[in-house]
Amino acid sequence: MGEDLHELLRSLRVWDPAVTELPEFDPATAPADPLALFTAWFAQAVAAGQVEPHTMSLATADEEGLPDVRTVMLHGADASGWSFATHIDSGKGRQLTARPYAALGFYWPAQGRQVRVRGPVTAAPAQEGQTDLHARSTGALAAALTGRQSQVLGSLEELARASESAWERARHEPDAPVPTWTLYHLRPDQVEFFQGDAGRRHVRLNYRRAEGGWGRELLWP
């Protein structure tokens, strides 16, 4: 007998005090640049024991403007933007070629925090992408070498054969090139920081890129 989805949903709590500690957030003390606040919040998420804080939702749109979303890994955040990578001929790679604008979403329930980032996306030079790839794990290289991301797969056996071959090459050729692997930078136009509150008086601080810097505004929760 299957589980009742609605009963399961009603049984769940948001920000259970047993696993969540909601910190105070005074937006008046926030830095002028959203990158500095993101770096601080990221470090605090790690310190709070947040599982996989570097994973994020990446939202794009296809050629017809229809939305798409998936979970990917943050590769870095600096003056060039928030960075992630994929094959340029993958589904998201093709979407970014057609519509080079995206949104990122981070959710860190250990502290009841979210960060949302929106802006135009550019592909980094090919060598930068290869350097990024080869600085990662053997498994990451093997996955990239397997390739054909988002294409129709005939069987799991076919995947196993291709993956085994890719792992073998990755172990023996750690600098193996993957021409389709591309590093992308999202240069934010807008960054929102959301701090949950037990009384539902959530604090939302929104940064908007302005001439010569950043403007800031509070949003109703």
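The values are calculated or read from the model by the stated rules, or taken from the named source; none is laboratory data. Everything quoted here is computed from the prediction, not taken from an experiment. Note that we place each Cβ from the backbone using ideal geometry, even for glycine, and neighbour counts take in every protein chain shown. When the accessible area is computed, the model is the full protein with side chains, heavy atoms only, and any ligands, DNA or RNA have been set aside. Shrake-Rupley method; radii C 1.70, N 1.55, O 1.52, S 1.80 Å.
Please determine, by comparing only the residues of the stretch 51-72 that are within 18 Å of Asp189 (Cα to Cα) and not aliphatic (A, V, I, L, M), which one is surrounded by the most Cβ atoms within 10 Å (Cβ to Cβ). Of everything passing the filter in the stretch 51-72, Thr60 is surrounded by the most Cβ atoms within 10 Å (Cβ to Cβ).
Of the residues in the stretch 6-16, not one is surrounded by 10 or more Cβ atoms within 10 Å (Cβ to Cβ) and under 16 Å from Leu186 (Cβ atoms). Scanning the stretch 43-72 for residues that are part of a loop (DSSP other than H, G, I, E, B) and touching a helix residue (DSSP H, G or I) at 6+ places or on another chain (Cβ under 6 Å), which turns out farthest from Trp181 (Cα to Cα)? My answer is Pro53. Determine if the stretch 189-208 includes at least one residue that is of a type in the set (Lys, Arg), under 18 Å from Ala30 (Cβ atoms) and open to solvent by 60 Å² or more (accessible area, probe 1.4 Å). Yes, the conditions are met somewhere in the stretch 189-208.
Counting only residues that are touching a residue at least 60 places away in the same chain (Cβ under 8 Å) and farther than 14 Å from Gln130 by Cα, how many does the stretch 68-87 have? Outline the logic, then answer.
First pass over the stretch 68-87, keeping only residues touching a residue at least 60 places away in the same chain (Cβ under 8 Å): 75, 80-87.
Among the residues that remain, those that are also farther than 14 Å from Gln130 by Cα are: 80-82.
Number of matching residues: 3.
For the stretch 73-84, a tally of residues being assigned to a strand (DSSP E or B) and surrounded by 17 or more Cβ atoms within 10 Å (Cβ to Cβ) returns 5.
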